[in-house]
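Chemist: First the structure, then my questions, so here it is.
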Amino acid sequence: MNIASPPANGHKARSSKTRSHLIEAAIEVIGAVGYEGASTRALAKTANTTLSAIPYHFGGKKELYLAAADMIAEHAAGRFDKALGPLDDNSIADKTVRLEQALTNFLNIILENAEPYSWTSFVARCTYDNDEAFTVIYERAIAPMLERLVQTASDVSGRAPDDEALRLRISAIVTSIISFRFLRGIILRGMAWSEIQSSSIGQIEGMVRDLCRSDFLAANRTK
């Protein structure tokens, strides 16, 4: 009579836990000292596991780094997709309003800063390096978001989706919004704020709406 789960189940659970701890360690350590500065020994120590666990679970340090980027990308893609829901909301006839709502939703995700600080540091590092890890995050989370925003902006402005000026403007808006997390100090010091208050968020949202309704997106085509 079987009264216990097969031993393999327990091993699988422990293995999954070790893998998760290594990914968390990679985000923490690489976010702090960069990929080159993160030794496998430091990664294993932070994950409270053995050095051999890295090649066993991932193959090597680089694969662990990419797995960490992939986890962040998956999380971000889900949040961004939800934020951009208004773009597909046919109950909102005015596509400018859809664009405004999607961008303000994205803004609030950035301002929430809900993810661990180490995630922000990790993404900042690989973004600066523009490396393979950033490619994972960009292609899985950022690029799909940009394409959806560009298509809606195209519908609003009458410019073609491949119009470089239009794409540049959408990229500039998205980059500006992202800067509220990665360059928070500039915003706080420039506005003499100790932190971003709810009343301040309203002002920032207003700025995003103004951009959507201004000539910024509908400017004449460059010749």
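Chemist: Which numbered condition in (1) modelled with pLDDT under 95; (2) within 20 Å of the chain's Cα centre (by Cα); (3) surrounded by 12 or more Cβ atoms within 10 Å (Cβ to Cβ); (4) not acidic (D, E) is the only one that K95 fails?
Modeler: The single condition K95 does not satisfy is (2).
Chemist: Moving on to the next point. Would you pick out the residues in the range 169-178 that are over 15 Å from the mean Cα position of the chain (by Cα) and loosely packed, with under 15 Cβ neighbours inside 10 Å?
Modeler: A172
Chemist: Has the range 106-117 got at least one residue that is without any contact (Cβ under 8 Å) to a residue 40 or more places away in the chain and touching a helix residue (DSSP H, G or I) at 6+ places or on another chain (Cβ under 7 Å)?
Modeler: Checked the range 106-117: at least one residue is without any contact (Cβ under 8 Å) to a residue 40 or more places away in the chain and touching a helix residue (DSSP H, G or I) at 6+ places or on another chain (Cβ under 7 Å).
Chemist: Within the range 125-133, can one find any residue that is aliphatic (A, V, I, L, M) and within 25 Å of D70 (Cβ to Cβ)? Write out each step before concluding.
Modeler: So the first thing to find is which residues in the range 125-133 are aliphatic (A, V, I, L, M), and the list is 133.
Narrowing further to those that are within 25 Å of D70 (Cβ to Cβ): 133.
Yes, the range 125-133 contains at least one residue that is aliphatic (A, V, I, L, M) and within 25 Å of D70 (Cβ to Cβ).
Chemist: Could I ask something else about it? Determine, yes or no, whether D163 is crowded, with 17+ Cβ neighbours inside 10 Å, at pLDDT 90 or above and acidic (D, E). Spell out the reasoning first.
Modeler: On the way: crowded, with 17+ Cβ neighbours inside 10 Å: yes; at pLDDT 90 or above: yes; acidic (D, E): yes.
So D163 fits the description; yes.
Chemist: Does the range 104-113 contain any residue that is assigned to a loop (DSSP other than H, G, I, E, B) and farther than 26 Å from F216 by Cβ? Before you say what the answer is, go through the steps one by one.
Modeler: Applying the first criterion (assigned to a loop (DSSP other than H, G, I, E, B)) to the range 104-113 yields 113.
After this cut, where a residue has to be farther than 26 Å from F216 by Cβ as well, the list is 113.
Checking the range 104-113: at least one residue is assigned to a loop (DSSP other than H, G, I, E, B) and farther than 26 Å from F216 by Cβ.
Chemist: Another question, then. Take the residues in the range 179-217 that are at pLDDT 85 or above, buried (at least 17 other Cβ atoms within 10 Å of the Cβ) and among the hydrophobic types (A, V, I, L, M, F, W, C), then tell me which one is nearest to S154 (Cα to Cα).
Modeler: Taking the candidates together, the pick is V208.
Chemist: D70 passes all but one of (1) closer than 21 Å to Q203 by Cα; (2) within 12 Å of the chain's Cα centre (by Cα); (3) open to solvent by 20 Å² or more (accessible area, probe 1.4 Å); which number fails?
Modeler: (1)
Chemist: Can I ask one more? Can you pull out the residues in the range 106-131 that are among the charged types (D, E, K, R) and surrounded by 14 or more Cβ atoms within 10 Å (Cβ to Cβ)? If you could, list the steps in order and put the result at the bottom.
Modeler: From the range 106-131, those among the charged types (D, E, K, R) are 112, 115, 125, 129, 131; that's our starting set.
Selection gives E115, R125, D131.
The values are calculated or read from the model by the stated rules, or taken from the named source; none is laboratory data. No experiment lies behind these values; they were computed from the predicted model shown. Methodologically, a virtual Cβ is constructed for each residue, glycine included, from the backbone with ideal geometry; neighbour enumeration extends over all protein chains shown. Each accessible area value is taken on the protein alone, full model and side chains, heavy atoms only, with ligands, DNA and RNA left out. Shrake-Rupley method; radii C 1.70, N 1.55, O 1.52, S 1.80 Å.
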